[in-house]
1. Could you list all residues from segment 29-46 that are in a loop (DSSP other than H, G, I, E, B), open to solvent by less than 90 Å² (accessible area, probe 1.4 Å) and of a type in the set (D, E, K, R)?
2. I'd like the residue in segment 47-84 that is among the polar types (S, T, N, Q) and closer than 13 Å to residue 36 by Cα and, out of all such residues, is most open to solvent (accessible area, probe 1.4 Å).
Amino acid sequence: SGAIEFADFEKYVIDNNLHKSTEEEYGSEMRDAFEMFDKDHNGYIGVQEFKTFMATMDNKLSDEQIKEIMNEADTNRDGKIDFR
């Protein structure tokens, strides 16, 4: 038709990572992602929760890789990752 419909434009922008999330959207997306890992809903992601979730996503990481990621994300060094 020579025109781009909004849905096509939106899909193109998202697929090509051309949008910037607002702080509110980012927070919501991060909370949703955190909750996918926090299976027991205790407010923390433990090593086993992280390892199990990654395995269900067909991303089998070695114990060393898991340890590296956990160490990077665990800023207060309590052995688990909290949302903050």
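1. Residues of segment 29-46 that are in a loop (DSSP other than H, G, I, E, B), as a first pass: 38-43, 46.
From what's left, open to solvent by less than 90 Å² (accessible area, probe 1.4 Å): 38, 42-43, 46.
Residue satisfying the conditions is 38 alone.
2. Initial filter on segment 47-84 (among the polar types (S, T, N, Q)): 48, 52, 56, 59, 62, 65, 71, 75-76.
Among the residues that remain, those that are also closer than 13 Å to residue 36 by Cα are: 52, 56.
Values: 52: 68, 56: 95 Å².
For segment 47-84, the residue satisfying everything is 56.
For every residue, the table says whether it meets (1) part of a loop (DSSP other than H, G, I, E, B); (2) out of contact with any Asp or Glu (no Cβ under 9 Å at 6 or more places or on another chain); (3) in contact (Cβ under 8 Å) with a residue 40 or more places away in the chain; (4) hydroxyl-bearing (Ser, Thr, Tyr).
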position	(1), (2), (3), (4)
49	no, no, no, no
52	no, yes, no, yes
65	no, yes, no, no
72	no, yes, no, no
76	yes, no, no, no
84	yes, yes, no, no
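The values are calculated or read from the model by the stated rules, or taken from the named source; none is laboratory data. Computed from a prediction, not measured in an experiment: that's the story for all the values here. So basically every Cβ, Gly included, is an ideal-geometry build from the backbone, and we count neighbours across all protein chains shown. SASA here: full protein model, heavy atoms, side chains in, ligands and nucleic acids out. Shrake-Rupley method; radii C 1.70, N 1.55, O 1.52, S 1.80 Å.
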